[in-house]
Structures are given as C-alpha cells and as structure tokens.
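The block underneath contains the structure these notes are about, expressed in structure tokens.
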Amino acid sequence: MAREWRTAVLTHVEDSTPGNKRFFFTVKEEGTFEFKAGQFVTFDLPIDDKVRLRSYSIASAPADGNEFELIVVRVPDGKGTGYLFSDVKGSEFRFIGPYGKFLLPENTDSDLCFIGTGTGVAPLRSMIHQIMKAGLPYQSITLVFGCRTEQDILYNDEFTALARENPRFRFIPTLSRAGDHWQGERGYVHDVYLKAFADGRPAQFFICGLNKMVSQCRENLAGLGYEKPVIHFEKYD
Ligand SMILES: Cc1cc2nc3c(=O)[nH]c(=O)nc-3n(C[C@H](O)[C@H](O)[C@H](O)COP(=O)(O)OP(=O)(O)OC[C@H]3O[C@@H](n4cnc5c(N)ncnc54)[C@H](O)[C@@H]3O)c2cc1C
C-alpha cells in the first residue's frame with residue numbers, strides 16, 4: 001500500500017457519455033505506477049470543502065507504464081467533480097494510493113459475474129481487461145451493467161466488441177429508462193443476475209456502485225445461497 005503523496009499530471013480528458021468524462025493521468029515519478037485491478041486512488045483536490053479528499057477507482061488495467069485512466073460522473077453541485085470538470089487539463093494532482101481490497105481473487109477459474117451501475121463499471125473494466133491481458137483462467141464472464149438510457153452506457157463499443165470476439169464474455173447492459181426501440185434488458189440489474197444465476201452454480205461476484213445497489217445485490221445473492229467469500233464489492237458512497 002503506497003502511503004506517500006505523489007503527483008500525477010492530467011494529460012488528457014475525453015468526453016464519454018453525457019455527464020461523464022474519461023481522465024487520463026501520468027504519474028510524475030519515474031518508473032512504473034503499480035496497482036492491482038480494482039484499486040483506487042485518492043486525490044487531495046484544491047477545493048473549498050472541509051474534506052478535500054476524493055477517491056476514484058482506476059478504470060484501466062495495470063500496465064508497464066505510469067499512466068492510469070478514471071471515468072467520472074459529474075455530481076450536481078459536487079465540489080470535487082466541479083473541479084475535475086473545470087478546465088484542469090495539464091494540471092498536477094496530489095494523490096495517494098493505490099488503495100483498496102476490491103481485487104480479483106487468487107483463483108478466478110469459475111463463472112465470474114460483474115455487476116455495476118454508472119461509473120461503478122470503472123474497477124470492473126480494469127479487472128476484466130486484466131483477466132484477458134494476463135490470460136487468467138475463467139469459465140465465463142458476465143457483465144451486468146445498469147444505466148438509465150442507451151446513451152449512458154459507458155464503454156459500450158468496447159464491451160460490445162469484446163462480447164463479439166469472445167464467446168465466453170457476456171455483456172448485458174440493463175436500462176432503467178430504455179427507449180421503445182431497445183432490444184436488450186430493461187429495468188434494474190437485480191432481475192438480470194438473479195435470473196442468470198438462479199441455479200446457484202459455483203460463481204464469484206464483483207459488485208460496484210452506490211451503496212443502495214451494492215447492498216441489495218449482496219442480500220439477493222445471499223438469498224441464492226452464495227457465501228460472503230465469493231461476493232466482492234466496492235461502494236462509492
Ligand atoms: C473507493 C471509491 C471509489 C470511487 N470511484 C469513483 C469513480 O471511479 N468514478 C466516480 O465518478 N466516482 C467515484 N467515487 C465517488 C467520488 O469519490 C466522489 O464521491 C464523487 O466524485 C462526488 O464528489 P463531489 O465532491 O463532486 O460530490 P459531493 O459533494 O461529495 O457529493 C456526494 C454525493 O454524490 C453521490 N455520488 C458519489 N459518487 C457518485 C457516482 N459515482 N455516481 C453517482 N452519484 C455519486 C453520493 O451519493 C453523494 O450523495 C468513488 C468513491 C469511493 C469511496
């Protein structure tokens with residue numbers, strides 16, 4: 001666990017879905033920025049707030065360089081995201097980390113189900129890419145991703161392409177406010193994973209998002225008979 005403050009430069013900002021942006025950072029210190037898929041960094045943002053610290057899960061997979069990507073949603077009236085969404089490209093950010101115990105387990109060789117809503121997809125994306133890059137064993141990967149509308153599906157092209165190329169990867173975007181033309185799943189993520197894992201077969205779950213959704217998932221999965229050690233989660237609030 002890295003305890004010293006470091007500096008990262010925000011090298012690039014890219015519009016993603018409405019209200020969401022991708023932020024690309026380069027750590028200033030030389031060498032590789034080491035982190036594990038699923039971990040987060042904590043920024044000390046120059047904002048006028050009692051607490052200036054804001055944490056963000058790394059959305060990119062570990063690599064040899066010293067770069068990392070975040071995906072952030074603009075929270076209305078939020079001071080942290082207000083700062084990030086201002087014109088700060090090129091700025092230096094003080095950060096600490098990586099931190100976090102929301103990690104891939106030693107043994108991934110089972111059905112793996114990733115459940116996220118909104119920017120909760122960030123650490124899930126990092127983990128899924130890490131599994132593919134490192135050639136970790138798995139039986140199947142299911143990504144149940146809850147969003148409001150079709151235009152809110154983060155990394156839609158990327159996950160859709162991955163599902164096309166890899167028959168063991170299933171991408172299930174689930175829309176709570178789908179338009180009439182939407183052919184995929186509607187409603188909330190819960191119905192989707194409950195149906196997919198109704199047989200209670202051996203599986204591991206990775207859940208990330210706001211507390212209400214995560215808590216509901218944990219309760220539902222326990223109801224299907226899944227034990228705590230196979231239910232991994234991260235809460236954003
Ligand atoms: C471990 C960890 C990892 C995180 N990773 C991410 C990430 O990858 N991307 C990201 O956008 N945020 C992430 N967050 C949330 C982030 O730390 C801030 O809370 C968020 O950016 C709001 O900060 P703010 O100062 O703008 O708003 P604040 O004034 O602090 O407002 C907080 C309010 O925003 C809501 N909120 C916080 N995060 C979200 C969110 N992601 N989606 C919808 N509502 C939210 C909370 O419920 C709360 O009501 C993470 C939080 C934690 C604890």
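The values are calculated or read from the model by the stated rules, or taken from the named source; none is laboratory data. Source: prediction; values computed, not measured. So basically every Cβ, Gly included, is an ideal-geometry build from the backbone, and we count neighbours across all protein chains shown. For accessibility, only protein heavy atoms count, side chains too; no ligands or nucleic acids. Shrake-Rupley method; radii C 1.70, N 1.55, O 1.52, S 1.80 Å.
Residues checked against (1) without any contact (Cβ under 8 Å) to a residue 24 or more places away in the chain; (2) in contact with a Lys or Arg (Cβ under 8 Å, 6 or more places away or on another chain); (3) of a type in the set (A, V, I, L, M):
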{"residue": "ARG74", "(1), (2), (3)": "no, yes, no"}
{"residue": "LEU84", "(1), (2), (3)": "no, yes, yes"}
{"residue": "GLY90", "(1), (2), (3)": "no, no, no"}
{"residue": "PHE93", "(1), (2), (3)": "no, no, no"}
{"residue": "ILE96", "(1), (2), (3)": "no, yes, yes"}
{"residue": "LEU104", "(1), (2), (3)": "no, yes, yes"}
{"residue": "ASP111", "(1), (2), (3)": "no, yes, no"}
{"residue": "PHE114", "(1), (2), (3)": "no, no, no"}
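State the number of residues belonging to region 1-48 that are closer than 20 Å to TYR236 by Cβ and surrounded by 14 or more Cβ atoms within 10 Å (Cβ to Cβ).
Within region 1-48, residues that are closer than 20 Å to TYR236 by Cβ and surrounded by 14 or more Cβ atoms within 10 Å (Cβ to Cβ) number 20.
Scan region 1-40 for residues that are closer than 13 Å to ILE71 by Cβ and of a type in the set (D, E, K, R) and report the count.
Residues that pass the stated criteria total 4.
Any idea which of (1) at positive phi; (2) in contact (Cβ under 8 Å) with a residue 12 or more places away in the chain; (3) over 19 Å from the mean Cα position of the chain (by Cα) is the one GLY100 doesn't satisfy?
(3)
Taking interchain pairs and intrachain pairs at least six residues apart, which have beta carbon atoms under 8 angstrom, with the first residue in region 165-180 and open to solvent by 50 Å² or more (accessible area, probe 1.4 Å) and the second among the basic types (Lys, Arg)?
Every condition considered, the pairs that remain are ARG177/ARG148.
Hey, any hits in region 100-113 for a residue that's within 12 Å of the ligand (Cβ to nearest atom) and open to solvent by less than 10 Å² (accessible area, probe 1.4 Å)?
Taking every residue of region 100-113 in turn, at least one turns out to be within 12 Å of the ligand (Cβ to nearest atom) and open to solvent by less than 10 Å² (accessible area, probe 1.4 Å).
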